[in-house]
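Enquirer: Sending over a structure as structure tokens; questions will come in a sec.
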Amino acid sequence: MTLDTVHLHLTDYSVQAENGLTIVPSNYKASTGELVSDFSLYTDTSGRQVNGRRAFMNTPNFQLTFVPFTKTVQGVSCFVQFSVPKVYYGNNYYSVGEQGSEAVFKQVERELWEGGVHTDIDTCNITRLDTFKNIEPEEKFPSYAPLFSLLKMRRGVDRTYPESFLMKNTQQQFCVYDKIAEMQNRKVDTSSFPEKTMRFEHRCMNRQKVQNVFGFSSVANLFEGGYK
């Protein structure tokens, strides 16, 4: 298994009084001042309740977000997302092995603690899991477009672009694209990478799909026999 993007749902955490979170305040009606999206986001370790529309903390290695369930159901979810190769290498081109991936999860946990959100990352549920494989093709990406157009997914929608092919439904996505072109579009220096790289990605878009495909949906299980 070669991991790329991972989304985690924090199930057991505490927020310290001193933290790195940014609070997005509620929208309000100009005529009355009534708050229209004000939620109890968290109560910190000093007992202070913090309200707002959402809260977040973005760093070079991860994005953390506190968001309410809905306007009618009380409660807030806390999610963190990151790219395993990007944290490990500084870019997401190369794959990371099991030991390196586990080190990345622990690094994210450590940085969350430093930001004032204390959690055991092993208790988190995996709500999205992207895996990938790079190959170096003989031809440029457009030469393979007719082959990709033959692929089908149950209840899926497929889209072909000049440098990528995407097939998706609500549960999962399968994407093939020109990785070098994608990096160049993000202004990444690709001089040290192969001239041609085709990237195949499979994306499980929710916890149930992760469970169905891999047989587990928690971080603890990922590194206790689930990582293959």
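Enquirer: Please go through the stretch 184-228 and give me each residue that is of a type in the set (Lys, Arg) and either open to solvent by 60 Å² or more (accessible area, probe 1.4 Å) or touching an Asp or Glu at 6+ places or on another chain (Cβ under 9 Å) (or both), ordered by number.
Expert: Arg186, Lys187, Lys196, Arg199, Arg203, Arg207, Lys228
Enquirer: Pull out all pairs, ordered by first then second residue, where Cβ-Cβ is under 9 Å, the residues are six or more apart or on different chains, the first lies in the stretch 89-113 and is within 15 Å of Leu10 (Cβ to Cβ), and the second is among the charged types (D, E, K, R) and modelled with pLDDT under 95.
Expert: Every condition considered, no pair remains.
Enquirer: Considering Lys133, Lys106, Lys140, Lys86, which residue is of a type in the set (Lys, Arg), open to solvent by 60 Å² or more (accessible area, probe 1.4 Å) and in contact with a Ser or Thr (Cβ under 8 Å, 6 or more places away or on another chain)? Write out each step before concluding.
Expert: Numbers: Lys106 fails: in contact with a Ser or Thr (Cβ under 8 Å, 6 or more places away or on another chain); Lys140 fails: in contact with a Ser or Thr (Cβ under 8 Å, 6 or more places away or on another chain); Lys86 fails: in contact with a Ser or Thr (Cβ under 8 Å, 6 or more places away or on another chain).
After ruling out the rest, the residue left standing is Lys133.
Enquirer: Tell me, which helices (runs of 4 or more DSSP H) wholly within the stretch 85-197 include 2 or more residues that are touching a Lys or Arg at 6+ places or on another chain (Cβ under 8 Å)?
Expert: Working: elements: 98-114, 145-148, 179-185.
Ranges flagged: 179-185.
Enquirer: Look at Ser26 and say whether it is assigned to a loop (DSSP other than H, G, I, E, B) and open to solvent by 30 Å² or more (accessible area, probe 1.4 Å).
Expert: On the way: assigned to a loop (DSSP other than H, G, I, E, B): yes; open to solvent by 30 Å² or more (accessible area, probe 1.4 Å): no.
Considered against the rule, which asks whether it is assigned to a loop (DSSP other than H, G, I, E, B) and open to solvent by 30 Å² or more (accessible area, probe 1.4 Å), Ser26 comes out as no.
The values are calculated or read from the model by the stated rules, or taken from the named source; none is laboratory data. Please read these numbers as outputs of a predicted model, since none were measured by experiment. When we count neighbours, we look across all protein chains shown, and the Cβ atoms used for this are built from the backbone with ideal geometry, even at glycine. When the accessible area is computed, the model is the full protein with side chains, heavy atoms only, and any ligands, DNA or RNA have been set aside. Shrake-Rupley method; radii C 1.70, N 1.55, O 1.52, S 1.80 Å.
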